[in-house]
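The values are calculated or read from the model by the stated rules, or taken from the named source; none is laboratory data. Bear in mind that the values here come from a model prediction, so they are computed numbers and not experimental data. All Cβ positions, glycine included, derive from the backbone under ideal geometry; neighbour counts span all protein chains shown. The accessibility values were calculated without ligands, DNA or RNA, using every heavy atom of the protein model including side chains. Shrake-Rupley method; radii C 1.70, N 1.55, O 1.52, S 1.80 Å.
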Amino acid sequence: MEHEMRAEYAEGVLPHEDTPVKLWHMARLGATTAMCGRALAPGAATQPAEKWGTPDAQPFCRTCGVMYMEEHPQDIR
């Protein structure tokens, strides 16, 4: 199963390329629901799952991280 990281923004803030990211979540590729269950904006910024565990992925949702590690133990850094 393919994944991507999707941004969460502060309450009431619309996603734009210069909008600060509140938290990064892991989601199934193209999905707007994070692995932790949070609904994310369809227009939210995304990053490839390969950036998980790097400084580009901070701050990252801990719940999504645990669920992603369970599905992809080979990707633990």
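Here are some notes:
- Listed values for segment 61-70 are Karplus-derived 3J(HN,Hα) couplings in whole Hz (6.51 cos²θ - 1.76 cosθ + 1.60, θ = phi - 60°), namely 5, 5, 5, 4, x, 5, 5, 5, 4, 5, and x replaces Gly and Pro.
- In loop segments of the chain as defined by DSSP, the GluC sites (Glu not before Pro) with at most 16 further C-beta atoms inside 10 Å of their C-beta are Glu2, Glu11, Glu17.
- Cβ-Cβ FRET estimate between Val13 and Gln74, R0 fixed at 30 Å, reported to 0.05: 0.30
- To put it simply, the accessible area of the chain at a 1.4 Å probe is 54 percent carbon and sulfur.
- Exposure check, 1.4 Å probe, all protein chains in place: Thr46 carries approximately 70 Å² of accessible surface.
- Electrostatic tally near Glu8: other residues with Cβ closer than 12 Å to its Cβ, Lys and Arg +1, Asp and Glu -1, net +2.
- Here the scattering of the chain is modelled by Debye summation over its C-alpha atoms, one equal scatterer each and no solvent; at q = 0.20, 0.21, 0.23, 0.26 Å⁻¹ the log10 of I(q)/I(0) is -0.78, -0.86, -1.04, -1.32.
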